[in-house]
Every structure is written in C-alpha cells, then in structure tokens.
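A short write-up of the structure that comes next.
Since every read-out is calculated from the coordinates, none of them should be taken as a lab result. Computed from a predicted structure; not experimentally measured. Neighbour counts run over all protein chains shown; Cβ positions are idealised from the backbone, glycine included.
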Amino acid sequence: MCKNSDFEKLIQTGRPPNIVKRFPNSQALLVSGKVIDQAMIKKGQAMAIAANGRNPFVIEGALKAAQRADAVLLIEIARSESTYCPVNFYNIALYVDSLCNQYGITVPVAIHADHYGIKKEDDLPFAKMEIPSMFAAGITSIAVDASHMPDDKNLLANIELNQFIPSWAGLETEVGEIKGNQGLSTVDDASFLIKGLNANGIFADWIALNNGSSHGIEASGQGIQVELTSEIHKALEPYGVSGAQHGTSGNNSDKLREITSQTNTTKANVATALQMVSWGVEVNDFGNAIQDEDGNFIKVKGEGMSGEMWEKMVALADENGWKGGNYKKLNLPFEIVLQAQDKDIKERMCKRVEDFVYNMLTTVFNADGTATLAKEALLQAGSYDLGAKGKKIEDVREWTREKIIERAKTLVVDKGPEGDFDD
C-alpha cells in the first residue's frame, strides 16, 4: 500500500512534464505508457487493459475497476474513433484527469493515442505538426500506425516521426493491418520493423501485429492466433519489445488467458465490448454483443441506458442503415442526451463497465496488484522516465534509407486484401 507521503512524492516526480504543465494542481497519477508496460513485465504473464474511451461512461467505469483491482490502466482513443465519438486526442486527458480527481483514483493511468494513422507519405507533414500538440494536450503514449503502407515506408515513417515524440513517452508501432485471418504478420516483417527502429536508436515499448484479431464485432475466423504471436515475440525478445493485442472483442476468456500466459503481450485493447456494455447491450464471454435471428442487438432490461433512449438510438441507426459494428457511429449524436439521463441510469452505465473490466483485470489478464508495482518502480527511479527496455543491437550503417528500401524487397509477406480496416 502506498503511503500518503509516497503518493505525494509520486505526484511531484512521477508525472511527465506535459502533465505537470497541463494539470499543475491535479492529484491524478497520469504516467508514461512505459510505466504500464514495465509494471506488467514485473508482475509476469499479465496484460494491462487499454480501454478505448468512446464515451465518458466507459472511462469512468474502467478507472473505478482499476482502482478496485489495484491495476494500472491505459485509457486510449484512436484517430478514427474521434470522428464518431465525443472523445478525441485533445480532450481525453481532460476526461481522465477530471474523473480521477473526482473519484479519488490513485492508480497510475497512461493516456494513449491509439492508431495514429499514417496512410501515405503525404500525411507526414501534418503529423509532425499534430503530434507535439497532442502531447501538449496530455497524451503520454502513442501508437504510430503506418501499417497501411508497404514495409519500407512503414519503417521510414516511424523513424521520421520519432523526433516529435518525447523520449519518456510510451511508444507502440504496428506491422500488418488488423484484418482478421487475412494478411497475417510474420517473423520476417515484424523483425524488419523492430530491427530498423533499433538501428536508429528507437526502442518501441510495444508492437501490434495482425495475428488473427478483428476490430469491432467478430463474426467469423479463428480469432487471435496464439502460436503465431508467440513465435514472433520470441524472435523479437533480444530487442526488448512487448506485444500489444488489438481486437480482443470476439475472443473468449480462455483465448485471452493464452495470450497472457504464452506470449510477451502486456497491453490489450478493449473497445467495442466496453461501448456495448455501457449501453446495456447483452454480451457473451467473448465480449461480443449478442444479436437475435434478425441481426438486432439485445438490450438488457434495467441495464445501461434507459429503454426509451435505446429505442431512439435504434431508430436513428435504422434511419441511417447502420448495422453491427456501425452502431459505433451513434456515440457522437447521442452523447448529450445520454449525459442528460437521470443520475441513477448514468451510474448503472458506469457500474456495468466497472464490473466487466474488473473481472477482466482480475480473472483474465492477471493485472491485479500492478498499480503497486508501478508506484514502487516510479519511487525507486525518482523520475517519471523509467527509460527504454531495449538496447542498441543493429548497425545504423546497415539501415540507411537506401538499404531499407532494398531490404524490404526481399521480405516474404502477405498484406491481405485492400480495404478500409480502420479501428
């Protein structure tokens, strides 16, 4: 248990400079993503939940669950999500800081910019301007996702943007878009990306793979392929990079426990499941929303939003032809009216998320107790910066721009079909 004097020291020394500047009088322990990753490694065979805060009910519920479980937590939002959700890169830290102070949340929490997408080289100039502004707004961790581009351009984009990311911040990189069982990542392309970064003195905390997972509502496929993930992680062990598991919705608890125990994964994104849970939609052990024979979601009476509000939501979805995963587009138009509901209804929306996340943290992801471990690491370091896990192995002279382009031509990879695979 962290003493009051120790917690005050953590507030003074454990928060990154952007957080201190943004929230000078806060008692919320917002930390670098590195802190989260290293706490999970210290615990061993444990994954932190990265909760996609598509609405404030998800954020509040996840924070309360982490506090109950003494678990570290990431609250994240993807760039694509900010187009259909009230939460975005610029207000997510405000939501989290405010709720932590309101409810006395003392566990370390990282603010993660998920899937910061670079789909073409023309996106780079804007990214160089935007990334520093995101950190100024309170981001403490970022996923640079240039996986939509060929392998050489993915690596080169990561290298080019790294100078705009604080060295203390959590860093995630990605190889292979998340396309379910198509275009699976390989040891070859994952090693290419991590080795090229290493040569340039860039030590990613996490790598996200296309290992069989899918974003949104899982309808078919094998789900996460544990053996493939383990094989790739084993090859990357010398470089000190952990795994980030995307698309956990649609994979049952046993599959997620396998990922936790048999791979080097320390971060698990949970998005669609938490949205549906907060609304009061019936979900199964997979975190998948259950649908009736007509493909309609089943609202649980007395759970989540009011029945009247749900009817209005369904009517708007029908009017726009939104089905399945496209129900995510209802977040933004219903934000104000959901917040205007009676207090007891809003509280049950949050509580349903809290109970769901608490169960995941304590019975599936083995994350309980990691908040104490993270605090101990920060106190021992006496700093917000725990440093990189990786060490320089590769020779930068072998990873010049020209050699990167040539190396990429030798990779044997299957990128899968073209299409829109945004989170």
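Some observations on this one:
- Put in order of Cβ neighbour count within 10 Å, fewest first, the listed residues L330, L316, L228 become L316, L228, L330.
- Here the 3J(HN,Hα) profile of segment 14-30, calculated from phi with Karplus coefficients 6.51, -1.76 and 1.60 at θ = phi - 60°, is x, 8, x, x, 5, 6, 4, 6, 6, 10, x, 10, 7, 10, 8, 8, 7 Hz, Gly and Pro shown as x.
- In percent, rounded to a whole number, the relative contact order of segment 1-140 is 29, using alpha-carbon pairs under 8 Å and six or more apart.
- Remark on A113: its backbone amide H falls under 5 Å from those of T140, S141, I142, A143, a criterion applied only to residues 5 or more positions apart or on other chains, H modelled at 1.01 Å from N.
- Residue exposure sequence - W399, W279 - by fewest surrounding Cβ within 10 Å: W399, W279
- Entries in K3/K267; K42/K389; K9/K375 that, when Cα-Cα distance is taken, lie over 20 Å: K3/K267
- When S147, S26 are arranged by Cβ crowding within 10 Å, least crowded first, meaning fewest neighbours, the order is S26, S147.
- Amide hydrogen neighbours beyond the local backbone of G247, cut-off 5 Å, H modeled: N269
- Per-bin percent of Cα-Cα distances, segment 211-342 [5 Å]: 2, 10, 18, 19, 15, 11, 9, 7, 5, 2, 1, 0
- Computed over the chain, relative contact order equals 24 percent, with contacts defined as Cα pairs under 8 Å that lie 6+ residues apart.
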